[in-house]
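Colleague: Could you have a look at this structure, given as structure tokens, before my questions?
The values are calculated or read from the model by the stated rules, or taken from the named source; none is laboratory data. These figures come from a predicted structure and were not determined experimentally. For neighbour counting, all protein chains shown are included, and Cβ atoms are generated from backbone atoms with ideal geometry for every residue, glycine included. Keep in mind that these areas ignore ligands, DNA and RNA; they rest on the heavy atoms of the full protein, side chains included. Shrake-Rupley method; radii C 1.70, N 1.55, O 1.52, S 1.80 Å.
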Amino acid sequence: MADIYVFLGPPGAGKGTLGDLFCAETGVIHVSTGQLLRDEMAKQSEIGKQVKDLIAKGELISDDVVAAMVSNRLAQKDIQSKGCLLDGFPRTTPQADMLSRILAETNNRLAAVLLIEADRDMLISRLTSRRVCSNQACGAIFNVNTQRPAKDGVCDRCGSKLVQRSDDSESTAIERLHVYDAQTAPLIAYYTASGHLVRMQSRDVAPNENYQALKTALA
Ligand code: ADP
Ligand code: ZN
């Protein structure tokens, strides 16, 4: 039985960046539903074509499609032995119910749900200044203000070109925050009631400093 961690929080709170640090240190496997969907779009698969417009608008993908992806991933052997971090799932109350079923079926347990809270003004500026590595296998995250790569526009980790995600425009970022408030924030009460919720504040400091706050929260 493996430990499953969930990172919950508004877009731009740092789920991806802190998730990378957490997984590098603990060896648990990073499963980001946003990344799985972007991989499908890059492959131009059937799912990729279906979700493209919704993602560009900042809307959510249907619970069934995302839950099926997660269920397939959690059944794989590497996760059974190492555990995983779910970054971006669940995002609605029905998805949280689906997750409990998936965990029971795949014989895994929910270790903790970490709520990463952050100040609203910081979120918009972080999202619009975010740049990501165009190499799907790398996926490193940078920020033109606070985490500049050594060479402008080039990934420090693998040398590929850095790009802006299509849903990181200001208008889509604002819409994603509305969607978070309406559809995802109810999970805070849900996981408080189940006793799984722990909280941390993501501040405008270097990722490593926020990571220390994460470790304190999960300790
Ligand atoms: P962020 O947390 O920065 O908004 P993600 O990479 O987690 O970004 O997600 C990007 C997009 O992928 C979301 O705006 C949504 O359209 C889709 N998506 C990701 N995870 C889910 C999910 N669990 N349920 C529905 N849609 C999702
Ligand atoms: Zn890279």
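Colleague: Given the conditions (1) open to solvent by less than 80 Å² (accessible area, probe 1.4 Å); (2) away from ligand 2 (no atom under 16 Å from the Cβ); (3) β-branched (Val, Ile, Thr), report the number of the one that residue 132 does not fulfil.
Modeller: The single condition residue 132 does not satisfy is (2).
Colleague: Name, by its number, the condition in (1) open to solvent by 50 Å² or more (accessible area, probe 1.4 Å); (2) under 24 Å from residue 170 (Cα atoms) that does not hold for residue 82.
Modeller: (2)
Colleague: Select from the stretch 154-167 the residues that are open to solvent by less than 50 Å² (accessible area, probe 1.4 Å) and at pLDDT below 95 and write down the one among them that is nearest to ligand 2 (Cβ to nearest atom).
Modeller: The selected residue is 165.
Colleague: Also, quick follow-up: Determine whether the stretch 135-148 contains at least one residue that is touching a residue at least 24 places away in the same chain (Cβ under 8 Å) and away from ligand 2 (no atom under 16 Å from the Cβ).
Modeller: Within the stretch 135-148, one or more residues are touching a residue at least 24 places away in the same chain (Cβ under 8 Å) and away from ligand 2 (no atom under 16 Å from the Cβ).
Colleague: Something else: For the list (1) within 14 Å of ligand 1 (Cβ to nearest atom); (2) under 19 Å from the mean Cα position of the chain (by Cα); (3) not in a strand (DSSP E or B), I need the number of the one condition that residue 210 fails.
Modeller: So residue 210 meets the others, but not (1).
Colleague: Residues that are within 23 Å of residue 215 (Cβ to Cβ) and among the charged types (D, E, K, R): does the stretch 110-122 have at least one?
Modeller: yes
Colleague: Does the stretch 58-67 hold any residues that are assigned to a helix (DSSP H, G or I) and either under 17 Å from the mean Cα position of the chain (by Cα) or surrounded by 15 or more Cβ atoms within 10 Å (Cβ to Cβ) (or both), and which are they?
Modeller: Scanning the stretch 58-67 gives 63, 65, 66, 67.
Colleague: Report the residue count in the stretch 3-29 for those that are closer than 16 Å to residue 113 by Cβ and surrounded by 19 or more Cβ atoms within 10 Å (Cβ to Cβ).
Modeller: 14
Colleague: Another question about this same structure. Do you know which of the residues in the stretch 153-184 that are part of a loop (DSSP other than H, G, I, E, B) and within 13 Å of ligand 1 (Cβ to nearest atom) is farthest from residue 38 (Cα to Cα)? First the steps, then the outcome.
Modeller: At the first step, the residues of the stretch 153-184 found to be part of a loop (DSSP other than H, G, I, E, B) are 153, 155-160, 164-165, 169.
Applying the additional criterion that residues be within 13 Å of ligand 1 (Cβ to nearest atom) yields 164-165, 169.
Working: 164: 13, 165: 10, 169: 16 Å.
Among residues in the stretch 153-184 that are part of a loop (DSSP other than H, G, I, E, B) and within 13 Å of ligand 1 (Cβ to nearest atom), the one farthest from residue 38 (Cα to Cα) is 169.
Colleague: Counting only residues that are open to solvent by less than 70 Å² (accessible area, probe 1.4 Å), without any contact (Cβ under 8 Å) to a residue 60 or more places away in the chain and touching a helix residue (DSSP H, G or I) at 6+ places or on another chain (Cβ under 8 Å), which one in the stretch 100-109 is farthest from residue 80 (Cα to Cα)?
Modeller: Per the criteria, the residue is 102.
Colleague: Identify the single condition in (1) open to solvent by less than 60 Å² (accessible area, probe 1.4 Å); (2) of a type in the set (A, V, I, L, M); (3) closer than 23 Å to residue 92 by Cα that residue 141 does not satisfy, given that it satisfies every other one.
Modeller: (3)
Colleague: Taking the stretch 175-219, which residues are at pLDDT 95 or above and β-branched (Val, Ile, Thr)?
Modeller: Residues satisfying the conditions are 179, 184, 188, 192, 198, 216.
Colleague: Among the numbered criteria (1) outside any strand (DSSP E or B); (2) in contact with a Gly (Cβ under 8 Å, 6 or more places away or on another chain); (3) closer than 24 Å to residue 43 by Cα; (4) not hydroxyl-bearing (Ser, Thr, Tyr), which one does residue 124 miss?
Modeller: For residue 124, the failing item is (3).
Colleague: Sticking with this structure for a sec: What number goes with the only condition from (1) small (Gly, Ala, Ser); (2) in contact with a strand residue (DSSP E or B) (Cβ under 9 Å, 6 or more places away or on another chain); (3) at negative phi; (4) within 14 Å of ligand 1 (Cβ to nearest atom) that residue 217 does not pass?
Modeller: (4)
Colleague: Give the stretch 11-46 a look and list any residue that's within 12 Å of ligand 1 (Cβ to nearest atom), under 19 Å from residue 137 (Cβ atoms) and in a helix (DSSP H, G or I), or say none.
Modeller: Residues satisfying the conditions are 16, 17, 19, 33, 34, 35, 36, 37, 38, 39, 40, 41.
Colleague: Hey, among 75, 112, 150, 96, which residue is at pLDDT 95 or above and open to solvent by 20 Å² or more (accessible area, probe 1.4 Å)?
Modeller: Values: 75 fails: at pLDDT 95 or above; 112 fails: open to solvent by 20 Å² or more (accessible area, probe 1.4 Å); 96 fails: open to solvent by 20 Å² or more (accessible area, probe 1.4 Å).
Step by step, each of 75, 112, 150, 96 is checked, and only 150 is at pLDDT 95 or above and open to solvent by 20 Å² or more (accessible area, probe 1.4 Å).
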